[in-house]
Amino acid sequence: MKITALVWFKTDLRIQDNETLVKAISKSDQVVPVYCIDDSHFATTSFGFKKTGSFRAQFLLESLQDLDAQLRALGTGLLVVKGNPAVELPKLAQAYQVQKVYAKREVAFEETLTEKAVQNELFKLGCEFESISTSTLYHAEDLPFSIKDIPEVFTAFRKKTEKDAKIRPVFAAPKQIICCAKTNSFPKYSSFAAS
């Protein structure tokens, strides 16, 4: 049986130095790259400000177009859906018979709530969810002290880390991505952006 994985891109919209993508490719026969335009990111805050303004939205669209072009050069494309990730990602997992979803681990409050909601919905389908810590310069396992012994003062943390920690090498961009037959028919992202 072929193992199909879904890679949920979030703010990691790149193929170079993307541990999540590299891990999904190495542990799967087929990969479905997905970005979900989360409706909540375009809401208005209680202070009356839009969470995503026009410049940020334009940057996001351009980043998604670029990622799609890079993925197409590797044999697949970026599937872009719009809505609540806890609804849309399980639908895709069913449609593509995905066994596991890979994503960048979140650290902020609202994002971790969304991630947990997605994980809960995938669990109901018998689909695994793996999040990978990629949001820090130093990986937690590479710090020169245990997490429980992190210095309370930043200067002490910085000096010890600069002296004794090593930054992991970057992950090379994949050379090819094997995708599901269905993914070959992903619409070009530009047509989505125009709608």
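Note on the chain: helix-only mean residue ellipticity at 222 nm, from DSSP H runs of 4+ residues weighted -39500 (n - 2.57) and normalised by residue number, equals -11500 deg cm²/dmol.
For D164 and A43, the difference between the fully extended length at 0.36 nm per residue and the C-alpha to C-alpha distance is 39.2 nm. For Y138 and K91, the difference between the fully extended length at 0.36 nm per residue and the C-alpha to C-alpha distance is 13.4 nm.
Net charge around K104, counting only other residues with Cβ within less than 10 Å of its Cβ (Lys, Arg = +1; Asp, Glu = -1)? Every neighbour counted, the sum reads -3. Cross-link pairs exceeding 23 Å in C-alpha to C-alpha distance, out of K82/K124; K10/K50; K116/K175; K100/K166, comprise K116/K175; K100/K166.
Annotation: extensible slack from F157 through A108 equals 15.5 nm (criterion: 0.36 nm per residue apart, minus Cα-Cα distance).
Taking every DSSP beta bridge with both residues inside the chain, roughly what % is antiparallel (nearest 5)? Mind showing how you got there, number by number?
Values: 1 of 21 bridges.
Antiparallel: roughly 5 percent of the beta bridges in the chain.
Dimensions of the chain based on its C-alpha atoms, expressed as ranges along the principal axes with the largest first, amount to 53, 48, 34 Å.
Values quoted throughout were computed directly from the atomic coordinates according to the rules given, and no laboratory measurement underlies them. On a predicted model such as this, the values are computed, not experimentally measured, just so you know. Heads up, the Cβs are rebuilt from the backbone with ideal geometry, glycines too, and the neighbour counts pull from every protein chain shown.
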